[in-house]
Amino acid sequence: MKKLLFDFFPVILFFIAFKAHEDPKEGIIFATAVAIVASVAQVAYSWLRHRRVEKMHLITMALIVVLGGLTIALDDEMFIKWKPTLVNWLFALAFLGSQFVGRKPIVQRIMDKNVSLPNPVWRRLNGSWSAFFLTLGAVNLYVVYAFDTDTWVNFKLFGMLGLTLVFVVAQGFYLYRHASVPEDDDGACPPNGEATTRPSLVHESRPESSANTRRDV
């Protein structure tokens, strides 16, 4: 949960900053500036504390600085509204491409130290994340063009966060059916000779790069 809140930190501040203004036009500009600062601070904190920064945070920061900067400079909110879609579609492309490039899909690279799965299951799981990111990006555009700015801001926090949580929980149940604990270093199996399912997979099933998600601003 802490990881999810950290990922959504700029989104939460964006929401609070927007709601602090009665005029949506002024609110979106102010909230965009706040989100830019929050995203830069998020990356700086990760580097100072862990000496590393997740690619997801770097990509998100780059896009929000560029698109957010254009929103402020040109006084056009459409740039920042397109940002969640571009982030999600970039992740969808990366996850899909990993199915064909490299030895392992992205989801397997992230999770295979904790979860043992057959290769076809890894590929289906990776494909499901790609489809989720693609769908989330499309849904964002629908909200952008079909509703007002206030509705979009609400969807950006509660809608995207809610959809992400539902997807992660559904993925957890799917993993519970197929996953097993990797063998110990000495190659020993569980005492009963059978693979033991992991009860905490709902918590572990969210890739760090996704969610990657959903911390879109």
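May I ask you to list the residues in the range 166-180 that are free of Cβ contacts under 8 Å to residues at least 60 places away in the same chain and either among the small types (Gly, Ala, Ser) or surrounded by 15 or more Cβ atoms within 10 Å (Cβ to Cβ) (or both)? Full working, then the answer.
At the first step, the residues of the range 166-180 found to be free of Cβ contacts under 8 Å to residues at least 60 places away in the same chain are 166-174, 176-177.
Passing the criteria: 167, 168, 170, 171, 172, 174, 176.
Restricting the range 37-77 to residues that are in contact with a Leu (Cβ under 8 Å, 6 or more places away or on another chain) and surrounded by 15 or more Cβ atoms within 10 Å (Cβ to Cβ) leaves a set whose member that is modelled with the lowest pLDDT is 59.
Of everything in the range 83-124, what is closer than 30 Å to residue 14 by Cβ and of a type in the set (A, V, I, L, M)? Give them in sequence order. If the condition is that a residue be closer than 30 Å to residue 14 by Cβ and of a type in the set (A, V, I, L, M), then 86, 87, 90, 92, 93, 94, 96, 106, 107, 110, 111 are the ones that fit. Looking only at the range 145-162, decide whether some residue is small (Gly, Ala, Ser), surrounded by 15 or more Cβ atoms within 10 Å (Cβ to Cβ), within 21 Å of residue 54 (Cα to Cα) and free of Cβ contacts under 8 Å to residues at least 40 places away in the same chain. Checked against the condition, which is being small (Gly, Ala, Ser), surrounded by 15 or more Cβ atoms within 10 Å (Cβ to Cβ), within 21 Å of residue 54 (Cα to Cα) and free of Cβ contacts under 8 Å to residues at least 40 places away in the same chain, the range 145-162 yields no hits at all.
Considering only the range 10-36, state which residues are loosely packed, with under 13 Cβ neighbours inside 10 Å, touching a helix residue (DSSP H, G or I) at 6+ places or on another chain (Cβ under 9 Å) and assigned to a helix (DSSP H, G or I). Lay out the reasoning, then the answer.
Taking the range 10-36 first, the residues loosely packed, with under 13 Cβ neighbours inside 10 Å are 16, 20, 22-23, 25-26.
Those still in the list that are touching a helix residue (DSSP H, G or I) at 6+ places or on another chain (Cβ under 9 Å) too: 16, 20, 25.
Of everything in the range 10-36, those that are loosely packed, with under 13 Cβ neighbours inside 10 Å, touching a helix residue (DSSP H, G or I) at 6+ places or on another chain (Cβ under 9 Å) and assigned to a helix (DSSP H, G or I) turn out to be 16, 25.
Put simply, of 110, 106, 80 the only residue that is in contact (Cβ under 8 Å) with a residue 12 or more places away in the chain, out of contact with any helix residue (DSSP H, G or I) (no Cβ under 8 Å at 6 or more places or on another chain) and buried (at least 16 other Cβ atoms within 10 Å of the Cβ) is 110. When the range 113-143 is limited to residues that are crowded, with 16+ Cβ neighbours inside 10 Å and assigned to a loop (DSSP other than H, G, I, E, B), the one that is farthest from the chain's Cα centre (by Cα) turns out to be 117. Considering the range 39-56, the residues that are part of a helix (DSSP H, G or I) and in contact (Cβ under 8 Å) with a residue 60 or more places away in the chain include one that is farthest from residue 150 (Cα to Cα), namely 55.
The values are calculated or read from the model by the stated rules, or taken from the named source; none is laboratory data. This structure is a prediction, so every number in the text was calculated from the model and none was measured. Glycine gets a Cβ as well: all are built from the backbone with ideal geometry, and neighbour counts include every protein chain shown.
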